[in-house]
Structures are given as structure tokens and as C-alpha cells.
1. For segment 107-123, which positions are of a type outside the set (A, V, I, L, M, F, W, C) and part of a helix (DSSP H, G or I)?
2. Looking only at segment 82-116, which residues are out of contact with any Gly (no Cβ under 9 Å at 6 or more places or on another chain) and within 15 Å of residue 69 (Cα to Cα)?
3. Do any helices (runs of 4 or more DSSP H) entirely within segment 4-94 hold 3 or more residues that are in contact with a Pro (Cβ under 8 Å, 6 or more places away or on another chain) and surrounded by 20 or more Cβ atoms within 10 Å (Cβ to Cβ), and if so, which?
4. Checking residue 104 against (1) crowded, with 16+ Cβ neighbours inside 10 Å; (2) within 19 Å of residue 25 (Cα to Cα); (3) without any contact (Cβ under 8 Å) to a residue 12 or more places away in the chain, only one condition comes out false. Which one?
5. Please identify the pairs in which a residue from segment 1-12 that is among the hydroxyl-bearing types (Ser, Thr, Tyr) has its Cβ atom under 8 Å from the Cβ atom of a residue that is in a loop (DSSP other than H, G, I, E, B), counting only partners at least 6 apart or on another chain.
Amino acid sequence: MSLVESWKSATPQVLAGLRIVSAATFMLAGTSKLFAFPVGMPPDNATATPFTQVWVGGVLEVFGGLFVLIGLFTRPMAFVLSGMMAVAYWQFHFKPDNPWPTVNGGVAAVMYCFVFLFLSSAGAGAWSIDSLRALRQGEK
């Protein structure tokens, strides 16, 4: 087997790595909002006020991120999170006179939007509850 063929055969594991790392770092945004961990929200390390839009975003980041991290209902959850990040970019970062993500602080929102959009199409990959569920359904 050539190096290229070997690398191609690792796609499910590399996809899982993308899913796991993306979800874990995404969850940290939520834990900052909900629990002030590892740091609270600027400017004073506060947490979000319950039931505000920022708090709901934090809940989606923590619990939606957890679902994606473990690979449970990855496709629908990643689709929801992709939409959430599109809203985050357009609502909080985009400015008509400053549309560039590197300037308006929206790089993470854009990247998460498209990584989650990809995961909603590609699925969880290896090392996921979704793949275990698919195996079990195949056994029936």
C-alpha cells in the first residue's frame, strides 16, 4: 500500500480527530460563559446572565459541543451549531465597513461555522457513539 493510499485509509480517524478537537475547544467558549472556566467573560471574568442570548449560546456550546465531542447525533447537532456560529458572525462580528474576519474578530466564528457544516455532512467518523450505533443497527 502506498503512502497516499495509507493516508486515505485513515480518513475516518482523521475526521474523528477534527471532530474531537473542534468540539473540545468549542466547549471552552461555553464553559467561560457559564462557569467562568478557564476564564470568565471580559471585562470582569463574569458569567452570562441566565436565559439571555449569551447564556443560551453558552449552553449550546457546552452541551452541543459535548454531543459532537462524543459523536452522538453528530450530524443534526453539528448543523445546529453551524447555524449558531453563522448567526454569531453576522450579529456580533460583521460590520459593513469591516467585513474581514481577521480584522473584526470573527475568525473563530467563521471556522467553527464551516467545520460544523462539514461535520453535519460527513458525520462523526471513527471513535464515536454514532459509529457504534450504526454497527449495532447493522447487526440486527
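Each value in this text was obtained by applying a stated rule to the coordinates, not by laboratory testing. Keep in mind that what you see is a predicted model, and the values were worked out from it rather than measured. Using ideal geometry, Cβ is built from the backbone for each residue, glycine included, and neighbour counts are taken over all protein chains shown.
1. 112, 120, 121
2. Those that are out of contact with any Gly (no Cβ under 9 Å at 6 or more places or on another chain) and within 15 Å of residue 69 (Cα to Cα): 82, 112, 115.
3. Ranges flagged: none.
4. Answer for residue 104: the failing condition is (2).
5. 9/1; 11/125
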